[in-house]
1. If G1153 meets every condition in (1) assigned to a helix (DSSP H, G or I); (2) out of contact with any Phe, Trp or Tyr (no Cβ under 9 Å at 6 or more places or on another chain); (3) open to solvent by less than 10 Å² (accessible area, probe 1.4 Å); (4) not basic (K, R) apart from one, which number is that one?
2. Which one of Y1203, Y1169 is touching a Lys or Arg at 6+ places or on another chain (Cβ under 7 Å) and open to solvent by 10 Å² or more (accessible area, probe 1.4 Å)?
3. Any idea how many residues of the stretch 229-271 are assigned to a loop (DSSP other than H, G, I, E, B), closer than 27 Å to G22 by Cα and open to solvent by less than 30 Å² (accessible area, probe 1.4 Å)?
4. Restricting attention to the stretch 473-516, and to residues there that are at pLDDT below 55 and among the aromatic types (F, W, Y), which single residue is nearest to K302 (Cα to Cα)?
5. Which fully enclosed strands (runs of 3 or more DSSP E) of the stretch 876-990 have 2 or more residues being more than 34 Å from the chain's Cα centre (by Cα)?
6. State all residues of the stretch 353-364 that are under 23 Å from A222 (Cβ atoms) and either open to solvent by less than 40 Å² (accessible area, probe 1.4 Å) or in contact (Cβ under 8 Å) with a residue 60 or more places away in the chain (or both); if no residue qualifies, say none.
7. Can you work out which of the residues in the stretch 991-1029 that are small (G, A, S) and either outside any loop (DSSP other than H, G, I, E, B) or in contact with a strand residue (DSSP E or B) (Cβ under 6 Å, 6 or more places away or on another chain) (or both) is farthest from C550 (Cα to Cα)?
8. List every residue pair whose Cβ atoms sit under 8 Å apart, with the two residues 6 or more apart in sequence or on different chains, where the first one lies in the stretch 1049-1070 and is open to solvent by 40 Å² or more (accessible area, probe 1.4 Å) and the second, anywhere, is of a type in the set (D, E).
Amino acid sequence: STKETFLTMRLTGTKYACGRGGCGACTVMVSKRDPTSQEIRHFSVTACLVPICSLYGAAVTTVEGVGSMKTRLHPVQERIAKSHGTQCGFCTPGMVMSMYTLLRNHPQPSEEQLLEALGGNLCRCTGYRPILASGKTFCLVSRGLRGHPQSKNDGDKWSKLFVKEEFQPLDPTQELIFPPELLRMTENPEKRTLTFHGERVTWISPGTFKDLLELKAKHPEAPLILGNTSLGPAMRSKGCLHPILLSPARISELNVVSKTNDGLTIGAGCSLAQVKDILAERVSELPEEKTQTYRALLKHLKSLASQQIRNMASLGGHIISRHSYSDLNPILAVGNATLNLTSEEGTRRIPLSEHFLAGLASADLKPEEILESVSRKLWEFVSAFRQAQCQQNALPDVNAGMRVLFKEGTDIIKDLSITYGGVGAATVSAHKSCQQLLGRQWDELMLDEACRRLLDEVSLPGWAPGGRVEFKRTLVVSFFFKFYLQVLQELKKLIKPFPVPVSALAFMGSWQHKLPPSSVDSHQPLQDPVGRPVMHLSGLKHATGEAEFCDDIPMVDKELCMALVTSTRAYAKIISIDLSEALEIPGVVDVITAKDIPGTNGTEDDKLLAVDEVLCVGQIICAVVAETDVQAKRAIEKIKITYEELEPIIFTIKVIHVSLAFEFPNQNTPSGTFLYLPLTGEVHVGGQEHFYMETQRVLVIPKTEDKELDIYVSTQDPAHVQKTVSSTLNIPINRITCHVKRVGGGFGGKIGRPAVFGAIAAVGALKTGHPIRLVLDREDDMLITGGRHPLFGKYKVGFMNNGRIKALDIECFINGGCTLDDSELVTEFLILKLENAYKIRNLRFRGRACLTNLPSNTAFRGFGFPQGTLVTESCITAVAAKCGLPPEKIREKNMYRTVDKTIYKQAFNPESLIRCWNECLDASSFHNRRKQVEEFNKKNYWKKRGIAVIPMKFSVGFAATSYHQAAALVHIYTDGSVLVTHGGNELGQGIHTKMLQVASRELKIPMSHLHICETSTAMVPNTIATAASVGADINGKAVQNACQILLKRLEPIIKKNPEGTWEEWIEAAFEQRISLSATGYFRGYKAFMDWEKGEGDPFPYYVYGAACSEVEIDCLTGAHKKIRTDIIMDACCSLNPAIDIGQIEGAFIQGMGLYTTEELKYSPEGVLYSRGPDEYKIPTISDVPEEFNVSLLPSSQTPLTIYSSKGLGESGMFLGSSVFFAITDAVAAARKERDIAEDFTVKSPATPEWVRMACADRFTEMVYICPLPLEPPSHPTPWAIFK
């Protein structure tokens, strides 16, 4: 691929993150001269899918070509960095390239164009708001959105977190020109056929249409490849190999567009982005009634994949691929589109019909034919519908195209066509139902009959691929009802008078997403760097691609690549492993097994490499070492492992008996007595994948003597990697040095797991004597590493009629996976944090970690709090429903109010909690908006709004004193420059930036004098994992201590020469033999918990906050949009408000993903289905609330921490639940209006499926009345299980 070529050329700015074109990290700009208009076209593409051979005649611009620190920065790079739009920085080059390409085409874009351009770029850190803020500085017109991030100081003077006026202007005349050599090539295009021979594939690019037809006749089985958006992922994930590929990229005939009075013909080679532009132009030219099909296609093209994919994918390829989830084929099919085919024998036309879409030979292309163009005539009343897990860049669960034609001047159906995608192996036509409805009047009777017929004809068995059967069947009829209402509105315009039912007046139209405003508020002292919104130290390097990550390190001499072999069984005995065929593959050096480990192979219950048995799909069995990554992966396929299945195999908490829980003391908090009639309920919280943008990776370099190793690893805990490698190789820790420059996101997923990969790679390095590089693909990373623990909670609550809760009993079970890992600690933290912000006198909390045959779950941002506290808040909501009171009243009534003790007897003052709550209510105008929501819901039946406000008391830190210690090493050199090293790791949270702010204040010198190189176990030993939100706290204390020691040594010199410069003082100190190096140390916060007594002081301090969110749901599809979110967070005295606000926003959006879109799906055999961005949907830029306000509570003091600051890395995660509870509020309103019980089982994430089925109506009843097809004996299990 093009990405692999960049790596060979050492252009490492373009990042590899998913390999499927789904994340945008590898975005580059491709420029070509249009042969028709002669204009230069610039378009963004994902390099991981672009075959290098396809770029003949094209110019490729990577982030290195846009600007650099060594030459000049481009305004895009400068603004995204200075707007604080980078955190870990791994996604930033892709963001820069998407924005840069947009500006090359539109120097003053609209906000809608900006949102569309960035829709295919994922970010797991920032929450997107600052990225959008940087892009908005280029936009021509602002819709009155409230400016840029701001902060508020004690003097009540406003100053911005960044100042737009300081940015360098964008000057289009200074951009790179299209290479003259390529211009000359386009003026005299090469007509001969170009052939590129690879090791296993031959790429043939004909220069003329005639040559293409001849080649297709000669190689009828060879696929035509243009965008590679369908074939590329299939070749990677399914191992599809085509010896010959035909590229028609240079054939101008495939890009011809012709317009007629009654239709449009578009060349099959036109990209989907070009099709979108062509249709938009046509819509502007023709009367509205003649463009319904075009507008339906445009509607889907806006949400189909990403801008990068639309730029690459061709219309012909999209049609010919015939994916069941195709967004365009259903519309083209109902629109009676025609496919124009050509071969050496001549031309012919076939309809894009249900028979073609089903792949029937009689209606399909012949092997030697190609699709030249697609024609479409004009029709009336055409609509398109789709529903996906999220709004943008997501494959649809179900989509549909519908068309109706009436007898002139009537509402009698003359012709009707309905097709669906996502409900079968191909696009499905409801032809029988349509035929039986001809001649019927367009009314309620027709609607009822149509729905019954559609459910009967478009049937789905319970084991259907993709699952979600009831949901999909509901969408089948919900979409038709939407179409029915739309047509009624049109008929009203054409036939007067025409009665329209009341239900149509409450119809929900489509949503247009708006850019969120950028309004934040925080404390900002002005006297020194501490408290200032200092840009991330690596921000500019992130934006230029010059920030070096683990896999960017150049290849070292004799380096080998490693690939892992994992189990394909969930619970089985290993009978044999046959390596013979793998070892015969050229380039394969060795295969590492458990027998090669000279020291300890993990622990008894958690092996590094499996021995005798496997406990889950994805457990590592052995590792292949080869000269290249490709060779290693080929060898994996040749390793033959024989298994013997074992019983029982368990995946979900529901089927677990208590005896299958992990063996450790059952964690309880003190019990009370129920005095009131209890209410019971259940809560299900799904798991979550870390989805750090940089996958797990490590480079191990053995030295020539004393068994020394240098390990470059992406980890939150290099000391743990060091210790694990030491025990695995049976060599002392002092021979091993771990280096961490920066990490491309961690979120807890890089605490324990990197040690496993580092140890396996180290065994390979020791055995072969060569450096070993191990980089996990996204699929393997998600399969192997586990994530957040799914939770099943049961509660029993006793309360009074006024909402006062008198007793609460909660029992939680978490899915720990196949090994203990961090499950015991997660259970402990879960129990300690369950009470959240509430004072309830009689409490009993119990927790269990359950053993299952899934990859072991591990630490994740929030560490149990986001799952457990959802149970508590769901209980509050249920009490409110029973009392007939708003949930916020119940929350207020039960909240801590005065200095008190927690359930585990730790004293605290809730003053800041109450302040956050009250300020959130005021800032969000909550009570007024609650009334507005109620008014809206009265007027709308098919769409509902919900609003919720959630308080938070988040405990920071580890529950053990030894985990709060930290050290730092500060060197002052004779030129006055200072090198700071500490034990924290840069994960994107800006810890290095904050440490230099601390050092700058303590040494009283500018930050420009200071530098941090890396985190190294050779510089600072015995470090603690950078986790639990205390990284800046404890390392800041250590840096402060070191600087104070140095300054004390310099005091006599400064007193002697008070007017001297820093450089003069340092020179004098050196002459007087004063040590200019100091180790700083912080012994840690005291923290302990006595589980026997159920009491202790396990946490150093608390972070308080509150969030209010408002949403709107579509009751017919389950979709929702986020209207507004307001967050108030207690940060005390922020070290860096820009970084802290970024942490809050990023955590909130990540939490919002946990509670709304992120869903892990497993096969009944325990194989993870959701192994990439196509199937696993983290929030995208369009998921950011339309109005998003974050404020930091005005300054408060806490003497415990560095400069009275607080760690904010994790706390914002739970505030994402405000969106979840706003959704459940809207669902409750819908259920109340339908006279359905308002209390219902709470299930997270609140996916469109859950929302739609919870908003029960006559269409969901139809689905349950119409039985599913019987299951054949060979399919006794559902398609998927959800963890």
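1. All conditions are met except number (2).
2. Only one candidate qualifies: Y1169.
3. 5
4. The residue in question is W511.
5. The qualifying strands (runs of 3 or more DSSP E) are 966-972, 978-982.
6. Correct list: F356, L357, G359, A363, D364.
7. S1000
8. N1057/E1064; E1063/D975
The values are calculated or read from the model by the stated rules, or taken from the named source; none is laboratory data. Worth saying up front: this structure is predicted, and the values here are computed from it rather than measured. Heads up, the Cβs are rebuilt from the backbone with ideal geometry, glycines too, and the neighbour counts pull from every protein chain shown. Ligands, DNA and RNA are excluded from the accessible area calculation, which covers all protein heavy atoms including side chains. Shrake-Rupley method; radii C 1.70, N 1.55, O 1.52, S 1.80 Å.
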